[in-house]
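In what follows, a single structure is set out as structure tokens and then discussed.
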Amino acid sequence: MQLRQLLLTPLCVLFVTTSATRTVTRRSHPQPAKTSASTSANKSVNTSAKTSANTSAKSSANSTAGRAGEGIIKEKPDFTPDYQKMMDKQLDKTRKKLYDHDGELEAEIPPIVGEEELEGHNALDSVHGVAMHVVVPGCAVLMFSIIAAAWLGYVKHLALIPDSAWTVAFSVVFGLFIRQLIDGGIITSDKMIWASATFLNLFLLPIIIFQSGWVLNHLNFLSQVEYVGIFAVLGTVMSFLFVGSVGYYVGSLGWIAVTAAREHFVFAALIVATDPVATLATFSKLGLDETQPLLHTMIFGESVINDAVAIVLFHTINSSWDRVTWGGVIYDILTLLFGSAAFGILCAAVLVFILRKAALPGDTVPEVIYVVVSAWLIFASAESVHLSGIIANLCAGSMFRVYGGQHLEHKGQEMTTEFLEVAAHMCDTMVFIICGAATALIRSFRGIQFAICGLILCLVARALSTCICANMANFFKRLNNEPESHFLTLKYQTMMWHAGLRGGIALVLALEIDADWCSHKATIINGTFVIIACTLLFLGSTCEPVLKGLGFIDAEAADGSPSSVTSHSRSSTKLVEDIEEHNVQKIKRGLMQKWDACFSTVLVGEAAQNRAHRKDRRLFTEELKICAGANNEKPPQRLHNFVREHVMSDIQIRKKAAESP
């Protein structure tokens with residue numbers, strides 16, 4: 001009898017829970033609509049009725065729970081009319097908890113979904129609505145921006161303006177279109193912010209950063225990593241303090257609308273994140289990534305690492321301003337940098353080891369897809385454990401190129417490099433489209449004055465931090481007895497200052513500011529967008545003339561020919577070789593070689609054996625094709641098994657013959 005009671009009671013609870021769940025999710029039976037008269041009549045008693053209903057529901061629920069607990073031991077629960085009435089009453093109480101007197105849902109709802117979207121339909125609830133309102137205009141802007149920017153690059157008087165600046169200008173039209181959707185109630189500004197931040201962080205940035213690590217000259221980067229860290233960590237913190245403190249002082253004078261200290265420092269945290277895409281694109285076009293490795297390494301390395309530092313500062317101020325301590329901030333930054341690097345290296349090592357054990361031919365499409373998809377996997381995994389996906393993906397991309405590339409043939413490496421390059425360029429373009437689309441959130445010109453002040457502070461802070469950090473780096477270079485060609489002279493400092501453009505990360509962080517405490521969020525968003533547009537237009541478009549004026553390229557360098565490179569450029573190509581001659585760098589080089597030997601043993605193995613494995617795989621594929629053409633009557637799976645059996649047996653015979661004395 002007691003066993004029967006124990007079995008029936010959970011079934012009753014399951015019945016009640018299932019019925020309540022169906023009540024929430026069922027759209028085919030919506031709550032009856034209230035007329036305007038009844039709504040106004042009930043409006044005055046809603047609060048009291050809701051309070052009394054909740055109180056009575058809680059008391060009756062407690063009494064019901066008590067009766068149910070007693071029934072397990074003393075009473076026999078059966079489906080009599082009285083018991084059915086109790087179940088119906090419990091179901092009614094559950095419905096009252098989920099709906100108020102106006103028939104609106106009161107249950108817990110995800111923050112991105114509105115109550116009206118659960119009970120009704122709008123354009124974005126269907127595939128057709130998403131296609132018409134988002135995908136079609138977004139793809140149209142992407143295609144037009146790419147073609148128009150490429151065409152304008154061949155116009156004589158407009159060729160200096162970078163493609164990214166044109167993309168932002170064209171995507172403003174897309175932003176105006178999104179504003180119409182927001183005004184029409186089809187989407188909300190919160191949903192647009194969430195979608196933009198998620199799309200940029202989890203879809204666009206992974207492939208951009210992974211491709212940067214893939215093409216990175218890791219020897220040059222590691223030879224300068226401590227100096228890059230000075231600029232990326234210390235320089236970023238210095239710029240943050242200058243922009244935040246001076247901005248707060250200017251605001252206290254009443255010259256700008258933003259006056260609170262927290263608002264100024266959260267703006268300083270997001271605006272110090274540099275994004276020199278236009279500068280690095282000019283470097284690649286002129287071949288300076290190879291002829292000027294020191295300059296390229298310093299600019300690129302700082303831009304990647306300082307993003308992680310800026311994100312730590314931003315989230316600390318945005319979420320825990322009252323608990324900010326310098327010790328905690330420094331600990332978070334160091335943990336994020338080294339923890340993210342170790343996480344990316346470890347994940348890449350595991351994935352490369354799997355690639356080694358697979359022993360594929362080395363030039364197939366699945367291998368390329370495996371390498372590319374690992375970018376999203378590692379980035380998302382790092383972010384899920386609250387590490388920096390940017391740092392993790394940079395290290396992972398370099399690991400895949402150095403060790404995973406040895407499991408690919410030359411054709412496979414070229415396929416992967418070209419695919420990553422095209423995908424990264426498309427993602428870069430989409431980042432600037434998101435920047436332009438942010439004009440949908442700009443409702444006034446209140447941010448113009450704030451943007452002018454912020455732009456001046458950014459340029460001054462960049463100049464001061466670059467000068468101080470360069471002198472510190474030169475001091476340590478002098479202690480290490482490095483050659484004079486590796487010192488950061490005034491023209492290096494000027495070019496590094498000029499490369500301090502702002503990009504998509506700053507804007508996405510601005511969109512993520514918590515409006516509950518920030519009363520001037522709209523002003524900060526407007527100012528951030530204006531600063532991004534100004535740096536892209538003025539700094540990005542003057543990159544090539546500044547390079548010529550500083551003597552990094554000759555006046556004839558527009559054609560990109562090797563003869564246009566200056567003599568200083570030719571001497572700087574021996575960056576790693578010159579460093580090897582000095583003691584401190586020799587120690588670091590020795591450690592790098594030991595780590596490389598360890599990773600090579602585990603992740604690569606014997607090169608000759610790997611080539612033999614890849615050759616066997618290609619032989620298997622070729623014989624499979626031959627047999628498929630000669631014996632078409634066999635089903636595909638049977639043919640695959642048949643050829644595999646014969647080819648693998650031949651491979652085993654050859655291996656035994658080679659091992660036998």
Using θ = phi - 60° and Karplus 6.51 cos²θ - 1.76 cosθ + 1.60, couplings along region 193-204 (whole Hz; Gly, Pro as x): 4, 4, 5, 5, 5, 5, 5, 6, 6, 9, 10, 7
Integer Hz, Karplus 6.51/-1.76/1.60 couplings in order for region 241-255, x for Gly and Pro: 5, 5, 5, x, 6, 5, x, 5, 5, 5, x, 5, 7, x, 7
Base-10 log of normalised Debye intensity for region 259-320 (one unit scatterer per alpha-carbon) at q = 0.25 Å⁻¹: -0.93
Inter-probe distance in nm under a simple model that places probes 7 Å from Cα toward Cβ, at residue 515 and residue 284: 3.7 nm
Hz values of 3J(HN,Hα) by residue in region 160-170 - Karplus curve (6.51, -1.76, 1.60), Gly and Pro given as x: 6, 6, x, 4, 5, 5, 4, 4, 4, 5, 5
Net +/- balance of residues flanking residue 504 in space, Cβ distance below 14 Å, scoring K and R +1, D and E -1: -3
Cα gyration tensor, region 317-368 - rounded (a/c under 1.5), prolate or oblate: prolate
Extended-chain gain in nm, criterion 0.36 nm per residue less alpha-carbon gap, residue 331 and residue 357: 5.5 nm
Three-way shape call for region 344-430 based on the alpha-carbon gyration tensor, with the a/c threshold at 1.5: oblate
Shape call, region 394-505: gyration tensor on alpha carbons, a/c limit 1.5: oblate
Exposure ranking of 467, 543 by accessible area [1.4 Å probe, largest first]: 467, 543
Accessible area of residue 188 in the full protein assembly, 1.4 Å probe (Å², nearest 10): 60 Å²
Set 477/594; 156/285; 285/588; 191/521 screened for pairs whose C-alpha atoms are more than 21 Å apart: 477/594; 285/588
Spacing of the two label points (7 Å from each Cα toward its C-beta) at residue 602 and residue 321, in nm: 4.5 nm
Rounded accessible area per residue of region 125-258, 1.4 Å, Å²: 48 Å²
Cα-projected label distance for residue 487 with residue 183, points at 7 Å along beta-carbon direction, nm: 6.0 nm
Amide N proximity, region 376-420 versus residue 346 label position 7 Å along Cα-to-Cβ, cut-off under 17 Å: 377-397, 399
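The values are calculated or read from the model by the stated rules, or taken from the named source; none is laboratory data. All values reported here derive from a predicted model rather than from experimental measurement. For neighbour counting, all protein chains shown are included, and Cβ atoms are generated from backbone atoms with ideal geometry for every residue, glycine included. Protein only, heavy atoms only, side chains kept; ligands, DNA and RNA dropped before computing areas. Shrake-Rupley method; radii C 1.70, N 1.55, O 1.52, S 1.80 Å.
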